[in-house]
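Asks: For reference, the structure I am asking about is given below.
None of the figures in this text is laboratory data; all of them are computed from the coordinates on show. Small disclaimer: the values here were computed from a predicted structure and weren't measured. Glycine gets a Cβ as well: all are built from the backbone with ideal geometry, and neighbour counts include every protein chain shown.
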Amino acid sequence: MMRLPVGLQSLVIQFAAVLLTAPLSPLLHILFSYQAALWQLALAQGTIAALLSMLWRQPAWWPPLHFGFLPAVLLARQMSLPAWVYLAAFLLLVLFYWSTFRTRVPLYLSDRKAWQGLIPLLPETQSFRFIDLGSGLGGVPFYLEPRFPQGRLYGTEIAPAPWFISRLRAGLKRSRVTFMRRDYATLDLADFDVVFAFLSPAAMPGLWQQAQTQMRSGSLFISLSFDVNARQPDQVVKLAEGARHTLYAWRM
Ligand SMILES: C[S@@+](CC[C@H](N)C(=O)[O-])C[C@H]1O[C@@H](n2cnc3c(N)ncnc32)[C@H](O)[C@@H]1O
């Protein structure tokens, strides 16, 4: 099967489902003199789209999204919201999710349990440089800062809104954490002793390649939730049930 990015696959699926649903209304009319309502056609389109999504083996959360998409559009139309509401919602989403379409890494936040799990992995006394690749709202470095006063902590974030919020939080907390608005792919990971990432399975092969090429020998690469196939981790820390709570660490 063709390997399109999942966003493009979804566009193809939605259009294909519209095309497949289009003859349904005249067919029902001719065969049974039945006039299908718009919401019924939207549900039929959603069902076809969900089936196509399963056939294309998209991740498990896509079929329900496909099923609900057109019905949700119809519902929103019925609410007769002013056009600027859609524009504002779109802009807000762009500012938070930015290039998720390309990176396939959405914003979702790790929690305290994961942050606590990082503590024993970090150097107790000697100074070190730590970076969170894709730092979101800055939760990870903010949590570590008071616990590792000898550490120099960084975050890099590609999406403008989370980056701006983390800068704002740093200002309000008088924090020394440095937040950059940069794609981590443009950084040199040799500048850091500990590189932490909580990204997505799609990002891991490229990031592992970058880490292997750039990170200094003896430095530490930690991934929350997402393993890499290329090398067994040196340490696996299971913090709680569920994949979101496993830390994988590699000594480079
Ligand atoms: C799953 S969130 C993790 C947020 C934060 N590290 C945490 O643990 O709460 C991943 C973040 O990485 C950002 N991101 C994705 N690709 C990136 C890239 N190439 N460079 C910098 N940030 C990126 C996304 O915008 C998103 O905010």
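Asks: How big, on average over all directions, is the shadow cast by the Cα convex hull of the chain, in nm²?
Replies: If you wrap the Cα atoms of the chain in a convex hull and average its projections, you get 17.2 nm².
Asks: A further question on this structure: Counting Lys and Arg as +1 and Asp and Glu as -1, each charge on the Cβ, what is the dipole of segment 112-251 about the Cα centre in debye, to the nearest 20? Provide the component values of the computation, followed by the final result.
Replies: Numbers: 17 positive and 11 negative charges, 95 e Å.
Charge dipole, segment 112-251, about its Cα centre: 460 debye, nearest 20.
Asks: Got a sec? How would Ile48, Ile30, Ile165 order by Cβ neighbour count within 10 Å, fewest to most?
Replies: Ile30, Ile165, Ile48
Asks: Give the residue from Leu70, Tyr86, Ala36 lying farthest towards the positive end of the charge dipole for the chain; charges sit on Cβ (+1 for Lys and Arg, -1 for Asp and Glu) and the dipole is referred to the Cα centre.
Replies: Final value for the positive-end residue is Tyr86.
Asks: 7 Å from Cα along Cα→Cβ at both Tyr86 and Thr125: what's the point-to-point distance in nm?
Replies: Each label point is offset 7 Å from its Cα along the Cβ direction, giving 6.4 nm.
Asks: Say a paramagnetic label sat at a point 7 Å from the Cα of Ala202, along Cα to Cβ; which residues of segment 122-144 have their backbone N under 20 Å from it?
Replies: Residues 133-137 qualify, since their backbone N sits under 20 Å from the label point.
Asks: Treating the beta-carbon of each Lys and Arg as +1 and of each Asp and Glu as -1, no other charges, what is the dipole magnitude of segment 1-124 about its Cα centre, to the nearest 20 debye?
Replies: Around 140 debye, computed over segment 1-124.
Asks: Between Ala185 and Asp111, with labels modelled 7 Å along Cα→Cβ, what's the label distance in nm to one decimal, could you check?
Replies: 3.2 nm
Asks: Rounded, prolate or oblate: which fits segment 6-80 when a ≥ b ≥ c are the square roots of the eigenvalues of the alpha-carbon gyration tensor, with rounded for a/c under 1.5 and prolate only if a/b beats b/c?
Replies: oblate
Asks: Which translational diffusion coefficient, to the nearest whole µm²/s, is obtained for segment 112-251 from the Stokes-Einstein equation, given a Kirkwood hydrodynamic radius over C-alpha pairs, 25 °C and 0.890 mPa s?
Replies: Calculated translational D: 162 µm²/s.
Asks: What relative contact order, as a whole-number percentage, does the chain give when Cα pairs under 8 Å and 6 or more residues apart are counted?
Replies: For the chain, the relative contact order is 13 percent.
Asks: Between rounded, prolate and oblate, where does segment 154-229 land on the alpha carbon gyration tensor, with a ≥ b ≥ c its root eigenvalues, rounded for a/c under 1.5, else prolate if a/b exceeds b/c?
Replies: prolate
Asks: Which value in nm describes the separation of the simple spin-label points at Val94 and Ala60, placed 7 Å from the Cα toward the beta carbon?
Replies: 3.4 nm
Asks: Quote the Stokes-Einstein diffusion coefficient, in whole µm² s⁻¹, for segment 198-242, based on the Kirkwood radius over alpha carbon pairs, a temperature of 10 °C and a viscosity of 1.306 mPa s. List each step's numbers first, then the result.
Replies: On the way: Rh = 11.6 Å.
It diffuses with D of about 137 µm²/s by this estimate.
Asks: May I pose another question? Under the definition of Cα pairs under 8 Å and six or more residues apart, what whole-number percent is the relative contact order of segment 108-204?
Replies: On the way: 139 pairs, mean separation 31.5, N = 97.
It comes to 33 percent, rounded to a whole number.
Asks: In addition: Given H placed on each backbone N at 1.01 Å, which residues far from Ala159 in sequence or on other chains put an amide H within less than 5 Å of it?
Replies: Result for Ala159 returns nothing.
Asks: Looking at Pro123, Tyr143, Pro205, which one has the Cα that reaches farthest to the positive end of the dipole of segment 112-251 (charges on Cβ: Lys, Arg +1; Asp, Glu -1)?
Replies: Tyr143
Asks: Let me have the 222 nm mean residue ellipticity of the chain computed from DSSP H runs of 4+ only, each contributing -39500 (n - 2.57), with the sum over all residues rounded to the nearest 500.
Replies: Values: 10 runs with 117 residues, N = 252.
After summing the helix terms and dividing by the residues of the chain, the value is -14500 deg cm²/dmol.
Asks: To the nearest 20 Debye, how big is the dipole of the chain about its Cα centre, given +1 on the beta carbon of each Lys and Arg and -1 on that of each Asp and Glu?
Replies: Charge dipole of the chain: 360 debye, to the nearest 20.
Asks: Along the positive direction of the dipole of the chain (beta-carbon charges: Lys, Arg +1; Asp, Glu -1; about the Cα centre), which of Tyr184, Ile13, Ala170 reaches farthest?
Replies: Among Tyr184, Ile13, Ala170, the one farthest towards the positive end of the dipole of the chain is Ala170.
Asks: May I pose another question? If you stretched the chain out fully between Arg251 and Val12, how much longer would it get, using 0.36 nm times the residue separation minus the C-alpha to C-alpha distance? Display every interim value, and only then the final one.
Replies: On the way: separation 239, 0.36 × 239 = 86.04 nm, distance 4.21 nm.
Using 0.36 nm per residue and subtracting the Cα-Cα distance, I get 81.8 nm.
Asks: Then there is this: Kindly write out, for segment 221-228 in residue order, the coupling ³J(HN,Hα) from the Karplus curve 6.51 cos²θ - 1.76 cosθ + 1.60 (θ = phi - 60°), rounded to whole Hz, with x marking Gly and Pro.
Replies: Listing the rounded values in order: 10, 10, 10, 8, 6, 10, 7, 10 Hz.
Asks: Quick one: which residues, 5+ away or cross-chain, put their amide H under 5 Å from the amide H of Thr246? H built at 1.01 Å from N.
Replies: So Thr246 has HN proximity to Ser225, Leu239.
Asks: Once the piece of chain linking Lys238 and Ser217 is laid out straight, how much longer is it, given 0.36 nm per residue of separation minus the C-alpha distance between them?
Replies: Full extension of this stretch gives 5.0 nm more.
Asks: Here's a follow-up. In whole Å, what is the distance between the alpha-carbon centres of segment 166-194 and segment 1-78?
Replies: 42 Å
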